[in-house]
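Report on the following structure.
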Amino acid sequence: FALLCFLLTGCAQNTVKLVYTPTTENSLPAAGSPSVSVVAFADKRSSPPVGQRGNGSDFMPSSSVSDWVTHSLATELSNLGLIVSLAETEAQALASGAKHVVTGAIDEIWLTEKSSTEYDARMRATVMVKEAKTTTLTRTFSSALSRRVVPLSSVPQEMLSETLHDLVVPMARAVNEQVRR
């Protein structure tokens, strides 16, 4: 029984794969669509873990949290019909020729395993849109999810992915509305 629990709950897996499932498939932007350059989000969290297991051990991300959030937002913006490029710095974004530069900061990402069948996740990030070096939008978004689940090792990954989806979809819509004005 202990071995089965170990395999099902992923007791040995404290590394969480950071994945994102977009709302829709990527579509080609229409001629004349606004262009945006998304700069890598700053990770303002105080420590590298993305959560904590019920036993007190940390959930560690499998890759860069900044890249995960940045690419997810870029995907959603592209799905809304914008011409999207990625940049590591704001200077690179400005040099790309994009009319709008999107920057942001990740303030919080945290997953709590309350028990093998109960999880809470929360995220918070701020996004800024600039046009010709003038900030036209600054807004903080947050999402939270609580769920009772079947104890499987994929639950942490799925919880974080769904919580990120609930964060970046409204963020992408706000950016889209701003750049289409």
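Here are the numbers for the structure shown:
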item	result
Listed residues Thr70, Thr126, Thr23, most fluctuating in the chain (Gaussian network, C-alpha, under 10 Å)	Thr23
Summed side-chain charge close to Val175 - residues other than Val175 whose Cβ falls under 14 Å, Lys, Arg +1, Asp, Glu -1	+3
Heavy-atom accessible area ranking, 1.4 Å probe, most first, across Tyr20, Tyr119	Tyr20, Tyr119
Whole-Hz ³J(HN,Hα) from phi, Karplus 6.51 cos²θ - 1.76 cosθ + 1.60, for the range 105-121, glycine and proline x	9, 8, 8, 7, 9, 8, 10, 10, 8, 6, 7, 5, 10, 9, 10, 10, 9
Whole-Hz couplings from phi, Karplus 6.51/-1.76/1.60, listed for the range 40-51; x for Gly and Pro	3, 5, 7, 8, 8, 5, 7, 8, x, x, 10, x
Phi-based couplings in Hz for the range 91-97 (Karplus 6.51, -1.76, 1.60; Gly and Pro marked x)	4, 5, 5, 5, 6, 6, x
Mean Cα-pair separation over length for the chain, i.e. relative contact order, pairs under 8 Å, 6 or more apart, %	26
Apportionment of accessible area to carbon and sulfur, the chain, percent (1.4 Å)	53
Under 5 Å, built H, 5+ apart or other chain: amide partners of Val50	Phe59, Met60
Trypsin sites (Lys or Arg not before Pro) within the range 66-169: DSSP coil, no more than 14 neighbouring Cβ in 10 Å	Lys99, Lys133
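The values are calculated or read from the model by the stated rules, or taken from the named source; none is laboratory data. Predicted model, so just to flag it, every value in this text is computed and none were measured. Every residue, glycine as well, gets a Cβ built from its backbone with ideal geometry; the counts of neighbours run over all protein chains shown. Surface areas here come from the heavy atoms of the whole protein model, side chains and all, with no ligands, DNA or RNA. Shrake-Rupley method; radii C 1.70, N 1.55, O 1.52, S 1.80 Å.
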